[in-house]
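The values are calculated or read from the model by the stated rules, or taken from the named source; none is laboratory data. From a predicted model like this one, the values you see are computed outputs, not experimental measurements. Cβ: placed from backbone, ideal geometry, glycine included. Neighbour counts: every protein chain shown.
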Amino acid sequence: MHTKNQSIIVSGGSRGLGLHLAERLLENGNRVATFARSRTKAMDDLSAKYGDAFHFVELDAVDAVGVNQFVATVADKFGSIDSVVNNAAIGQDQLLMHTDLDTIRRIVDINIVGPTLLTRAAIKRMLLQGNGNICNISSICGSRGYAGLSVYAGSKGYLDAMMRALAREVGEAGILVNCVAPGFFESEMSSVLLPEQLATIKRRTPSGSLSNDENIFKVVDLVISGTTNMQGQVVFVDGGITS
Ligand SMILES: NC(=O)c1ccc[n+]([C@@H]2O[C@H](COP(=O)([O-])OP(=O)(O)OC[C@H]3O[C@@H](n4cnc5c(N)ncnc54)[C@H](OP(=O)(O)O)[C@@H]3O)[C@@H](O)[C@H]2O)c1
């Protein structure tokens, strides 16, 4: 166990990977704040179980005023913001020639503008504190090509590139900025994959298995622990498919 007694923001913690990260970080004795556009039963369950150590609000990641307010509230409630995990995102399952303008704009807004706003608000607090960890959940799509995911892939490539520049901006202030890039894992987002597509991905994966939430948690936990000198890196959790 690496990360303990931290105040951590995980965006998009209502389900999928974000929910698993929130649950495991809480179990390990951290305080977790998260948001999503809609509340799920899991959010009520975590509130009942962890009380003041857990904070959830319904918030759209692209609401700049709301995101600033969220960060201010979390900093007041928890006393600090030690780590941010930029996890909230939407997927894509369409060739570019069939992707309409509205869909392109939504992916860019949620997957690019959203994490940028949250990071901007959080690093202001972290710079005052003199420490902090930013961990972007990127994707192997940011570094390798997969048909039907062009705009999504571009948004993940943005996170990787933005992370490297930001690491140079805030590194000297004690803030570590990195990306964790999972391969495909089971969630609502990846449910668009057909069984034969999943079988092909597995066949091409050197480890023979897809990553799961817990594999990814273990790496995120290390990245935000503050115990590494890892800075400006993309860490793949993909069973070696990109190797
Ligand atoms: N699944 C995969 O195979 C895979 C592979 C590589 C990387 N990833 C990345 O892993 C991360 C988690 O993916 P997942 O598969 O767990 O996704 P998911 O099951 O679809 O969950 C996405 C979460 O983000 C929230 N969210 C989406 N849009 C939002 C918005 N505008 N404002 C606030 N919250 C928003 C969702 O809640 P609401 O919809 O209620 O807002 C939900 O809590 C993403 O960054 C994804 O790109 C996924």
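Assorted remarks:
- Wholly within the stretch 27-117, helices (runs of 4 or more DSSP H) carrying at least 1 residues that are of a type in the set (S, T, N, Q), within 25 Å of Leu222 (Cβ to Cβ) and free of Cβ contacts under 8 Å to residues at least 60 places away in the same chain: none
- Residue, farthest from the ligand (Cβ to nearest atom), within the stretch 47-65, restricted to residues that are surrounded by 14 or more Cβ atoms within 10 Å (Cβ to Cβ) and farther than 20 Å from Asp82 by Cα: Ser47
- Residue count for the stretch 152-182, restricted to those that are outside any strand (DSSP E or B), among the β-branched types (Val, Ile, Thr) and within 12 Å of the ligand (Cβ to nearest atom): 0.
- One residue stands out in the stretch 122-151 among those that are part of a helix (DSSP H, G or I) and under 19 Å from Gly232 (Cα atoms): the one that is farthest from the ligand (Cβ to nearest atom), namely Leu127.
- With respect to (1) modelled with pLDDT under 95; (2) not in a helix (DSSP H, G or I), the lone exception for Gly232 is condition (1).
- Search result, residues across the stretch 185-201 that are within 13 Å of the ligand (Cβ to nearest atom) and out of contact with any Asp or Glu (no Cβ under 9 Å at 6 or more places or on another chain): Glu188, Met189, Ser190, Ser191, Gln197, Ile201
- Residues in the stretch 1-26 that are surrounded by fewer than 24 Cβ atoms within 10 Å (Cβ to Cβ), away from the ligand (no atom under 13 Å from the Cβ) and not in a helix (DSSP H, G or I): Met1, His2, Thr3, Lys4, Asn5, Gln6, Ser7.
- Which numbered condition Asp93 fails, given (1) within 13 Å of the ligand (Cβ to nearest atom); (2) surrounded by 15 or more Cβ atoms within 10 Å (Cβ to Cβ): (2)
- The combined condition, being of a type in the set (S, T, N, Q), outside any helix (DSSP H, G or I) and either touching a Leu at 6+ places or on another chain (Cβ under 7 Å) or modelled with pLDDT of 95 or more (or both), is fulfilled by Ser187.
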